[in-house]
Structures are given as C-alpha cells and as structure tokens.
Amino acid sequence: MTSSAPRPSLGAAGRVQRGTPSLQAIDLHKSFVSGVVQVQVLRQMNLSIHAGELTLISGPSGCGKSTLLSLLSALQKPDSGTIRALGKDLASLDARALERFRLHHTGFVFQGFNLFPALTSLEQVQLPLGYLGLSASESLQRAQDALDEVGLTQRAHMRPAQLSGGEKQRVAIARAIAKSPQLLFADEPTSALDADSGQRVIDILHRIARSHGTTVLCVSHDPRLVRHADRVLGMEDGAIRSDWRQPDAEPEASAA
Amino acid sequence: MIALARKTLIHEWRRFVPAVFAVGFSCVLLSVQAALVLGIFGSAAVYVRASGADLWAGYPGTQSVNFGRAIGQDVNLRLAMDPAVTATEPYLWVDGDWRSNQGSGGGVSVYVSGIRTAADGMLFSRLLAPWQRAALRDPGAVIVDREDLSTLDTTVGGRAWINAHPVHVVAAVDGLRGLGGVNVITSIDSAREIAGSEGSAGPTYVVARTQTPAQAAQAQARLAAGAPGFGPFEVWTAKEFARRSQLYWLLDTGAGVAVLFMVGIVCLVGTVVTSQSLMGVVAGSAREYAVLNALGVSRRALGLLVVEQACWIGGLGLLLGGAASAALLVLANTYGVPVAMTPLTAAACALLVGAVTLLSGLFAMRGLMAADPALLLR
C-alpha cells in the first residue's frame with residue numbers, strides 16, 4: 001500500500017479492515033547520507049498494521065525494510081511523516097519518552113540473538129523485567145511463563161554456549177514477550193537458523209500474535225516465512241509494492 | 001535485578017583480565033613513581049626529618065639544607081632568649097673531599113655534619129643510637145650510611161681522610177643517604193678541624209627545641225618579627241624547612257623537573273592503557289547493550305551498568321596493584337633504594353587510578369551510546 005494518505009489497509013481479497021490500526025505510518029520519509037550522496041531509503045510511506053496478526057515485510061536486501069522496522073519500533077526517527085503506535089504519535093516523544101515507550105510496549109527479536117554469555121536463559125528473560133520495576137518473584141514467574149511458552153523450560157538454567165541456534169532465538173523471543181508487549185518486532189529472526197528451528201520460531205511468533213492479540217511485525221527475506229504470515233507486504237526501492245493477506249486471516253477488530 | 005556486571009565479570013573473567021592488569025599496572029606505576037619522588041626528594045631534608053629540633057635558624061633565603069652559610073654565634077643566644085625555646089644547639093655543615101686509604105681512586109664529595117654529641121642532642125636524634133652518638137666523641141670519628149660504604153670505599157672501622165684530616169668510621173646507619181652528596185656525621189669539634197679556618201666563622205645552623213612542638217610556629221613568628229643587633233638570620237619551623245628543601249630540589253633543579261616530567265609521562269601511559277583496555281571490554285558487549293536499549297532500558301541505566309563494571313575492574317586492579325606496589329616498595333627498601341610512602345599519598349594514588357577507571361568507563365559508554373542503536377543491531 002503506497003497511498004499518500006492514511007486509510008484502512010486493503011487485503012488481497014479487497015476486504016476493508018475495520019478497527020484502529022495498532023501501528024500506522026503516514027507519509028514517512030527517511031534518507032541517509034553516504035559519503036557525499038544522500039540516499040532516499042523510504043519515500044512517502046503509508047502503512048497500517050493491525051493487532052493479532054503476524055505481518056511480514058519482505059523484499060530484497062537494501063530495499064529499506066529494516067529501516068522501516070527501526071522507524072516503526074521507535075529506534076529511529078523519520079525525516080518527516082507521522083508514526084502512530086498504540087494511538088501515540090512517536091515523533092512527539094523525546095528520547096527518554098521513546099525509551100519508556102519501548103520498555104512498556106515493545107519487544108524485539110533480532111537475527112543475531114545477542115544474549116549475554118554470562119546469564120542463564122531464565123536470567124536473560126528476567127533482565128529487562130527488572131527495569132520495569134517488577135519484584136524478583138514476579139519477574140521470575142513471568143520469565144518462567146515466557147520460557148514455558150517457547151518450550152524451553154528444560155533449558156532455563158543453561159547459558160547461551162549450551163544452547164543451539166534455534167534455542168537461543170527462542171530465548172530471545174521469551175525475553176521479548178516476557179514484558180507482555182503489545183508490539184513485537186522481529187528483524188530477520190529465522191535467517192541464521194536451520195529449517196526446523198526456523199519453522200519453530202515462525203510458529204511461536206504466529207501463536208503469540210493470535211493468542212495474545214499482539215501486533216507482530218516481522219522483516220525478512222526468508223521465503224519460508226511467507227506462507228506462515230497472516231499478511232505479507234512486498235517492499236522494493238523504499239516503497240510497498242504489494243499487500244497480500246492469507247485468505248483465512250481475520251485481523252482483530254479491536255486493535256490495541 | 002539480575003547482577004549483570006558481576007555475573008559477566010565472573011563468567012568471562014578471561015576477557016577482563018587485561019583490563020584488571022592495566023589498572024593494576026597503572027596503580028604500580030603511579031605509586032612507585034610517587035614513592036620514588038617522595039624518597040629521593042625526601043632525602044634532601046633527611047637532616048631535618050631525622051632530627052628532633054622544632055626550629056631551624058640559618059642564613060636568610062637558604063633554599064635547601066645543603067646550601068647553608070655561616071651565621072653569627074649570637075643567633076644561638078637570640079633563639080635561647082625566646083620564652084618557648086628550651087634548648088638550642090649549633091649545626092656545622094662542611095663540604096668535604098673524602099679519600100679512602102684503601103683505594104687509589106679519586107676523592108668523593110661529602111657533606112660533613114658536625115653535631116653535638118651529648119646524649120640529649122637534637123640533630124640526627126632519630127637516626128643515631130646513644131652509643132653511636134657517644135662514639136663520635138672520639139676525635140675524627142665519623143658515621144656514614146651503610147649503603148654509602150662502598151661508594152666511600154671503606155668499611156666500619158676503616159680509615160680515610162676528609163680535606164686531608166684523618167677520620168675513621170665508627171658506625172654505619174640506615175636512612176642517612178642524601179641528595180647530591182654522601183652524608184658524613186661527626187662531632188662538631190671534628191667538623192671544625194675538617195673545616196679549618198672556615199669553621200671559626202660560626203655554625204651553619206642553630207636548631208632549637210620548643211616546650212611543645214605546637215609552640216614552634218608562634219616562636220618562629222616572634223623570631224621572624226626582627227631581632228635588632230642579631231643576625232643576619234632567618235628562622236623556619238622544622239616542617240617548613242624540610243618542605244622548602246624538598247621543593248627546591250623538586251621544582252628548581254633540572255633533576256627534579258626531569259623526574260616530574262617522567263612521572264607525568266608514566267601517569268599518561270597508565271591512563272591511556274587503562275582507558276583503552278576498559279573501552280575494549282565495553283565495546284565487546286556493545287551489541288548486548290544495544291539490545292537492552294532497544295528493549296527500553298534507558299541509556300542512564302546502561303551507563304550505571306558500565307560504571308558498575310568499571311568499579312569492579314578498578315577495585316580488583318587496585319587490589320592487585322596495591323599488593324604489587326607494596327611488595328616492590330619493600331624490595332626497594334631492602335636494597336636501599338630511596339622510597340617513601342605515606343597513607344595520604346597511597347590514598348591519592350588509589351583515588352587517581354579509581355577516577356581514571358571510572359572516567360574510562362564513562363568515556364567508553366559515551367562512545368557506545370553515540371552510536372545508532374538501530375545500526376548496532378544489524
């Protein structure tokens with residue numbers, strides 16, 4: 001969808017999506033300076049993402065999908081345009097407020113699992129919860145629940161060196177979902193994994209979207225992900241070129 | 001809250017060892033340099049520190065103990081007239097040329113200190129045992145530092161000549177080594193003999209004891225106010241005169257400035273090594289910190305995490321460096337190397353190393369946070 005004004009997204013079957021989008025990009029522009037050349041990465045980007053869906057942004061390397069993810073997840077600010085996340089205008093928030101927004105509302109899963117080598121799986125998940133001001137017992141319970149959800153209860157006391165790549169990524173997912181975020185962002189979460197592990201990670205992300213009503217936005221060029229996503233946005237040259245939805249996918253009407 | 005800094009330090013101790021060693025290295029460099037400076041330049045005032053006098057009277061403007069000139073005999077009387085002064089005694093300083101009767105080499109420049117040999121004598125009272133002081137009553141008897149015996153090419157009981165006057169070594173003591181020349185203690189009568197006609201001009205200094213050390217400053221102020229008919233002379237408290245002598249050697253001589261310059265370079269190298277090691281440690285965890293920031297952990301909280309890590313590294317480095325420094329200083333002391341350490345200097349060294357560690361950590365954090373978290377996650 002590349003229209004110039006915000007509007008409800010259109011599925012492949014032409015259905016109009018009702019309900020307020022949990023994540024909305026309006027006329028986004030972003031460029032970077034490379035040497036003396038200014039590279040326009042995103043051009044007049046308009047996009048609406050709904051809760052309860054696994055939305056996949058797919059496209060070739062360098063098309064701007066990771067930049068779009070970093071803008072929508074409040075890691076970066078756009079040159080111009082508006083980003084509304086959970087009803088808040090992110091552009092109006094200062095750096096501290098953005099950190100608070102991310103702490104309370106967003107989770108991240110990255111290609112490189114980025115786990116602390118010294119911490120066990122349980123501690124990795126507990127770590128960000130401490131910054132939410134939760135008590136030790138509460139954060140322990142939440143961390144155990146999150147690890148249970150990704151099927152790693154048996155690996156709770158193991159360090160990253162003792163885990164496989166897929167297990168590490170599942171710990172990273174548990175770390176992201178333990179905060180109960182309404183928005184979950186995943187940047188190439190399966191690219192470094194074998195087929196089985198990748199499949200498992202996709203299933204978990206999908207289940208989180210469906211069972212928790214979480215807005216899951218995933219950026220990937222992994223073709224295995226396409227058939228598991230509720231919605232696939234094809235991106236090229238800094239713009240959305242296609243918007244495809246699973247025929248049976250029904251977004252939640254009451255978006256967060 | 002998960003103790004990330006401590007757990008990481010324990011689990012990845014190999015990664016932190018270079019940084020801990022760098023801090024320890026910096027600590028050793030700094031404390032040994034400080035101890036050497038204190039030791040070397042402290043020896044410029046060994047005459048004052050080793051003596052029990054509270055006041056020193058000498059020629060006006062004397063920069064250092066070894067630059068004394070003859071003052072009038074009446075200065076002794078003027079000091080004794082002050083109500084706070086309980087005892088006075090003269091100190092005769094003679095520049096001499098030592099020639100051993102054992103070797104065939106040339107002479108050695110020596111500083112001869114002529115002192116009162118009575119049991120209650122103030123000069124070198126902290127260095128000489130009563131029997132050593134008594135032994136000096138023998139004409140030509142001298143006492144030298146044990147480490148200087150080889151320089152003087154003599155032994156205890158050995159004979160030599162100073163300015164062509166026969167002398168014999170009756171004892172050797174520790175802690176008499178000086179700056180610029182070899183110190184030789186003798187009785188004031190022997191010193192006058194050695195000085196020849198110069199010895200009759202008067203003592204180089206007159207030292208005095210006050211009723212209590214606390215009265216020294218007041219007595220000095222009274223004596224400084226002027227004494228018509230006496231002099232010329234100037235009076236310093238022992239602490240002042242020791243400090244004056246040290247500062248002269250430290251700041252007004254080429255050797256002192258060179259040593260200070262070396263200390264500065266050593267500190268700079270230590271700081272850079274520590275800083276680089278710590279920054280390497282922080283940079284090694286950059287991606288993990290960036291993830292925490294992406295998850296909403298504030299930069300301030302991350303900064304505190306790095307500072308905590310720096311404090312652990314700094315603390316361990318200080319323990320290591322402190323132990324190594326203490327061992328080195330004991331070794332240096334055993335071999336007669338002039339070193340001195342005071343609690344205040346040790347605390348200042350620890351504080352400086354701690355501050356360097358902390359600043360390095362903050363600097364490393366600043367560099368890390370200046371980077372775009374979005375780019376760090378690629």
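Observations on the model:
- Once you reduce the range B:267-314 and the range B:93-130 to the center of their Cα atoms, the two points are 58 Å from each other.
- The range B:45-70 versus the range A:29-102: alpha-carbon centroid distance in Å: 77
- Selected from A:E167, A:E99, A:E123 as most flexible by GNM, with chain A as the system and alpha-carbon contacts under 10 Å: A:E99
- Rounded to the nearest 20 debye, the dipole magnitude of the range B:72-231 is 300 debye, with +1 charges on Lys and Arg beta carbons, -1 on Asp and Glu beta carbons, and the Cα centre as origin.
- In order along the range B:260-266, the Karplus-derived 3J(HN,Hα) couplings, from 6.51 cos²θ - 1.76 cosθ + 1.60 at θ = phi - 60°, round to 4, 4, 4, 4, x, 5, 4 Hz, and Gly and Pro are given as x.
- The range A:196-232-the range B:165-237 distance, computed between alpha-carbon centres (Å): 92
- Each DSSP beta bridge with both residues in the range B:72-231 is either parallel or antiparallel, and the antiparallel ones are about 70%.
- Taking all pairs of distinct alpha-carbon atoms in the protein assembly as shown, Kirkwood radius in angstrom: 30.8
- Over 26 Å (Cα to Cα) - which of A:K168/B:K7; A:K65/A:K168; A:K65/B:K7; A:K65/A:K88; A:K30/A:K88 fall in this group: A:K65/B:K7
- Value of Rg/Rh across chain B [Cα atoms, Kirkwood radius]: 1.16
- Peptide-level mean, for A:91-102, of C-beta atoms on other protein chains within 10 Å: 2
- Cα-based convex hull volume of the range B:72-231 per residue, rounded to whole Å³: 116
- For the range B:220-262, the calculated P(r), taken from all Cα-Cα distances in 5 Å bins from zero up to the bin holding the longest distance, is 5, 20, 18, 15, 14, 12, 8, 6, 2, 0 percent.
- With eigenvalues of the C-alpha gyration tensor scaled by 5 and rooted, the range A:15-118, Å: 21, 20, 16
- Over chain A, all Cα pairs binned in 5 Å intervals from 0 give whole-percent P(r) values of 1, 6, 13, 18, 19, 17, 12, 8, 4, 1, 0, listed from short to long.
- Of B:V48, A:V216, B:V307, the sequence from fewest to most neighbouring Cβ atoms within 10 angstrom is B:V307, B:V48, A:V216.
- For the range B:26-35, Karplus couplings with θ = phi - 60° (6.51, -1.76, 1.60), whole Hz, Gly/Pro x: 4, 4, 5, 4, 5, 5, 5, 4, 4, 5
- DSSP bridge pairs, chain A: antiparallel proportion in percent, nearest 5: 55
- Taking the number of Cβ atoms within 10 Å of each Cβ as an exposure proxy, the fewest-first ranking of B:C311, A:C63, B:C349 is B:C311, A:C63, B:C349.
- A cut-off of 5 Å between modelled amide H atoms, ignoring neighbours fewer than 5 places along the same chain, links B:A87 with B:R209.
- Candidates B:A141, A:S58, B:A238 compared by Cα position along the dipole of the protein assembly as shown: farthest toward the positive end lies A:S58, with charges placed on Cβ.
- Largest GNM mean-square fluctuation among A:Q126, A:Q154, A:Q169, using chain A with Cα springs under 10 Å: A:Q154.
- ³J(HN,Hα), Karplus 6.51/-1.76/1.60, whole Hz, each residue of the range B:11-24, x for Gly, Pro: 6, 10, 4, 5, 5, 8, 3, x, 5, 4, 5, 4, 5, x
- Here is how the number arises for chain B: DSSP H runs of 4 or more residues each give -39500 (n - 2.57), the sum is divided by the residue count, and the result at 222 nm is -17000 deg cm²/dmol.
- For the segment A:126-132, counting C-beta atoms of other chains within 10 Å of every residue's C-beta and taking the mean gives 5.
- Top of A:L163, A:L71, A:L129 by mean-square fluctuation, Gaussian network on chain A, Cα under 10 Å: A:L163
Bear in mind these aren't lab numbers, they're just calculated from the coordinates by the rules spelled out. Note that this is a predicted model, so its numbers are computed, not measured. Methodologically, a virtual Cβ is constructed for each residue, glycine included, from the backbone with ideal geometry; neighbour enumeration extends over all protein chains shown.
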